[in-house]
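To start, the structure under review is shown below, and the notes come after it.
The values are calculated or read from the model by the stated rules, or taken from the named source; none is laboratory data. A quick note: this is a predicted structure, and the numbers were derived from the prediction, not measured. Don't worry about glycine lacking a Cβ; one is built from the backbone with ideal geometry, like all the others, and counts go over all protein chains shown. The accessibility values were calculated without ligands, DNA or RNA, using every heavy atom of the protein model including side chains. Shrake-Rupley method; radii C 1.70, N 1.55, O 1.52, S 1.80 Å.
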Amino acid sequence: MNETVHAELAAHLLRPDGQEDICLATYVPSTGATRTTRIIATVELPHEGEREVHGNATITGGYVLRVAGEAARAGRGVVLLHSHPGARGWQAMSGPDADCESSYAGLVQQLTGLPLVGMTLAGDNTWSARVWVDGTARWAGSVRRVGPTMANAWNDDLVRTVIDERSQARTIAAWGEDLHRDITRLRVLVVGVGSVGLDIVQRLAATGLLEIGVMDYDHVEELNRDRMIGATRRDARLHRRKIDVAARLAHRAATAPTLRVHRHADSVCTPTGLASALDYDVIFSCVDRPWPRAILNAIAYADLIPVIDGGIAIDTLPTGGMRGATRRVQTVVPGRPCLACSGQISMTEVALEMSGDLDDPEYIRQAGREPVSGRPNVATLCAGVSAGQLEQFVTLVAHPGGQPAPAPLRFSLAAHHLEHSSHTTQPYCTTEQATAAGDARTDLTRLNPTLDATHGQHAGGGRRWSRTGRWVNDLIDRWVESMHNR
């Protein structure tokens, strides 16, 4: 849920008199490749006479029928929420809780076609949740609250964490053991593991995260090596996948007793890439193309998955000297302007890339445009971008000093000036209007013949020695990873 929804629910459920309370809401599903998230869409507080408070709280069948009918017409499911004001942490269900939820589960699913979700709010603002399927409550792994700060409540029985206090001692000292355990459980995806993304992956692994995803369909070339720190000449000679290099370096940097690196040789612009992205709790956007950034921008609002975006632009003089450089970072969440509203993506360029014109040399020449690909970038400045994105991540999940994620930041190298953006949400912003849309989001993905051709170019025939080399390297890397995890 987003923070606005949480605040509305907490104001109703956590009563000043300390009694329990109850209410209903509607939700939409967000369906990933392996995970389904239920996103609260609307809060439906009871009308007069639809619930009673008597130490505990009860609702009427009429209230359930009213909200279920509204949910069915909108293609949504129903959430039944109640409070345990005197409790702390993730809550189990009492006998009356289970009886109440189970008595309405079948009716709700029959009317809406979606299972009933039950949720409990403890007095310390910790949520717990379960989904009723075939008369049985199946517990959620976590509940995520998203806004300029993010808070996750974890089901310790389903999502466990193990920390290494020796190798992570300094990190634990920075924000405390409890928060560190929560951070290490986050599933974090890095989209684009070139110069910036490769650095971010290694530092997340060194922090102690247990699951990191890397998504990139590109391969290492010799021209990448002055920015991809850790990629070797052999990686370039064998045209190794960037995600394989990222996985290898992540395992070498890892401080967790075990680290799982999920490799996605895909683009987020494809249906399969988008589905994979929806399996994660936080996404780092390390791409420089408008189309994938537009899709990640939409995910941040429709699916309530925070996206931390960053980039750098280096300006050169006609004589070949350096005029300057500008780097920027931004946390994309409800409560902050989207990438289009902050001027970081142009939907016109998104449309041009989707049509193929943005990479058509003749179109670029006739339109007098600069090519999107091939812009200069250097290792000594990439580190500033990755550092800025990682600072945004720490602010989002650890909120130092109680501060939320800032407005978009931009740093000018020549002037050594850090600017806090004054951009706000633009009127009629379709992206932010689709907050909590879930699977009803506008679909910008499609099967990409160019992506398929790129895969074929590197993996196809004519380079038998490269395929063999990659196969041998894969075996070596798997052995190294297995030894690391022993």
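Is there any pair with a first residue in segment 308-319 that is within 30 Å of residue 147 (Cβ to Cβ) and of a type in the set (A, V, I, L, M) and a second that is in a strand (DSSP E or B) and open to solvent by 20 Å² or more (accessible area, probe 1.4 Å) whose Cβ atoms are under 6 Å apart and which are 6 or more apart or on different chains, and what are they?
Short answer, once both residue conditions are applied: 312/327; 313/326.
In segment 315-336, which residues are surrounded by fewer than 23 Cβ atoms within 10 Å (Cβ to Cβ) and either part of a loop (DSSP other than H, G, I, E, B) or of a type in the set (Gly, Ala, Ser) (or both)?
Residues satisfying the conditions are 317, 318, 319, 320, 321, 324, 325, 334, 335.
Among the residues of segment 142-157, is there at least one that is open to solvent by less than 20 Å² (accessible area, probe 1.4 Å), farther than 25 Å from residue 278 by Cβ and among the hydrophobic types (A, V, I, L, M, F, W, C)?
no
Give me the helices (runs of 4 or more DSSP H) completely within segment 165-207, filtered to those with at least 1 residues that are within 30 Å of residue 377 (Cα to Cα) and open to solvent by 20 Å² or more (accessible area, probe 1.4 Å), ordered by residue number. Spell out the reasoning first.
On the way: elements: 169-175, 177-184, 195-207.
The helices (runs of 4 or more DSSP H) meeting that bar are 195-207.
Got a number for residues in segment 379-438 being closer than 22 Å to residue 5 by Cα and in contact with a helix residue (DSSP H, G or I) (Cβ under 8 Å, 6 or more places away or on another chain)?
Going through segment 379-438 one residue at a time, the tally reaches 14.
So the check is Cβ under 6 Å with 6+ separation or different chains; which pairs have a first residue in segment 31-49 that's in contact (Cβ under 8 Å) with a residue 12 or more places away in the chain and a second one that's open to solvent by 60 Å² or more (accessible area, probe 1.4 Å)?
Here the result reads 31/439; 41/76; 43/8, each pair linking segment 31-49 to a residue that is open to solvent by 60 Å² or more (accessible area, probe 1.4 Å).
Does segment 32-44 contain at least one residue that is hydrophobic (A, V, I, L, M, F, W, C) and part of a loop (DSSP other than H, G, I, E, B)?
Kept after step one, since they are hydrophobic (A, V, I, L, M, F, W, C), are these residues of segment 32-44: 33, 39-41, 43.
Cutting the leftovers down to part of a loop (DSSP other than H, G, I, E, B) gives us 33.
Within segment 32-44, one or more residues are hydrophobic (A, V, I, L, M, F, W, C) and part of a loop (DSSP other than H, G, I, E, B).
Is one or more of the residues making up segment 22-42 modelled with pLDDT of 95 or more and more than 33 Å from the chain's Cα centre (by Cα)?
So the first thing to find is which residues in segment 22-42 are modelled with pLDDT of 95 or more, and the list is 22-42.
Okay, now just the ones that are also more than 33 Å from the chain's Cα centre (by Cα), so none.
For segment 22-42, residues modelled with pLDDT of 95 or more and more than 33 Å from the chain's Cα centre (by Cα): absent.
What are the residues in segment 45-68 that are surrounded by 12 or more Cβ atoms within 10 Å (Cβ to Cβ) and closer than 13 Å to residue 82 by Cα, if any?
Within segment 45-68, 45, 46, 51, 52, 53, 56, 57, 58, 59 meet the criteria.
How many residues are without any contact (Cβ under 8 Å) to a residue 60 or more places away in the chain and either in a strand (DSSP E or B) or open to solvent by less than 40 Å² (accessible area, probe 1.4 Å) (or both) when one looks only at segment 208-227? Lay out the reasoning, then the answer.
Start the filter on segment 208-227 by keeping residues that are without any contact (Cβ under 8 Å) to a residue 60 or more places away in the chain, which leaves 208-212, 214, 216, 220-225.
Imposing the further condition that a residue be either in a strand (DSSP E or B) or open to solvent by less than 40 Å² (accessible area, probe 1.4 Å) (or both) reduces the set to 208-212, 214, 216, 220, 224.
Number satisfying all stated conditions: 9.
Taking segment 1-31, which residues are open to solvent by 20 Å² or more (accessible area, probe 1.4 Å) and either in contact with a His (Cβ under 7 Å, 6 or more places away or on another chain) or assigned to a helix (DSSP H, G or I) (or both)?
If the condition is that a residue be open to solvent by 20 Å² or more (accessible area, probe 1.4 Å) and either in contact with a His (Cβ under 7 Å, 6 or more places away or on another chain) or assigned to a helix (DSSP H, G or I) (or both), then 3, 4, 7, 8, 11, 12, 20 are the ones that fit.
Considering each residue of segment 401-414, count those that are touching a residue at least 24 places away in the same chain (Cβ under 8 Å) and open to solvent by less than 70 Å² (accessible area, probe 1.4 Å), and give that number. First the steps, then the outcome.
Initially, segment 401-414 is screened for residues touching a residue at least 24 places away in the same chain (Cβ under 8 Å), giving 404-414.
The next check asks that each one be open to solvent by less than 70 Å² (accessible area, probe 1.4 Å); those that pass are 404-409, 411-413.
Matching residues across segment 401-414 total 9.
Could you check segment 103-123 and list, in sequence order, the residues that are within 27 Å of residue 11 (Cα to Cα) and open to solvent by 50 Å² or more (accessible area, probe 1.4 Å)?
Hit for segment 103-123 is 103, nothing else.
If we keep just the residues of segment 69-89 that are part of a loop (DSSP other than H, G, I, E, B) and not aliphatic (A, V, I, L, M), which is least open to solvent (accessible area, probe 1.4 Å)? Write out each step before concluding.
Keep residues of segment 69-89 that are part of a loop (DSSP other than H, G, I, E, B), which gives 75-76, 85-89.
This time we only want the ones that are not aliphatic (A, V, I, L, M), so: 75-76, 85-86, 88-89.
On the way: 75: 52, 76: 71, 85: 39, 86: 86, 88: 184, 89: 22 Å².
Looking at the filtered set, the residue picked out is 89.
Could you please give the count of residues in segment 415-430 that are open to solvent by 90 Å² or more (accessible area, probe 1.4 Å), of a type in the set (Ser, Thr, Tyr) and closer than 19 Å to residue 405 by Cα?
Looking only at that region, the number is 1.
Can you tell me how many residues in segment 121-159 are polar (S, T, N, Q), under 28 Å from residue 399 (Cα atoms) and either more than 24 Å from the chain's Cα centre (by Cα) or not in a strand (DSSP E or B) (or both)? I'd like the intermediate steps shown before the answer.
Start the filter on segment 121-159 by keeping residues that are polar (S, T, N, Q), which leaves 125-126, 128, 136, 142, 149, 152, 155.
If we keep only those that are under 28 Å from residue 399 (Cα atoms) as well, we get 125-126, 128, 142, 149, 152, 155.
Next cut, either more than 24 Å from the chain's Cα centre (by Cα) or not in a strand (DSSP E or B) (or both) only: 125-126, 149, 155.
Total satisfying the criteria: 4.
Of everything in segment 249-293 that's in contact with a Lys or Arg (Cβ under 9 Å, 6 or more places away or on another chain) and in a helix (DSSP H, G or I), which residue is surrounded by the most Cβ atoms within 10 Å (Cβ to Cβ)?
253
Identify all residues within segment 90-111 that are in contact (Cβ under 8 Å) with a residue 40 or more places away in the chain and assigned to a helix (DSSP H, G or I); write none if there are none. Talk me through it step by step, then tell me what you get.
Narrowing segment 90-111 to residues in contact (Cβ under 8 Å) with a residue 40 or more places away in the chain: 90, 93, 96, 100, 104, 107-108, 111.
Those that are in contact (Cβ under 8 Å) with a residue 40 or more places away in the chain and assigned to a helix (DSSP H, G or I): 96, 100, 104, 107, 108, 111.
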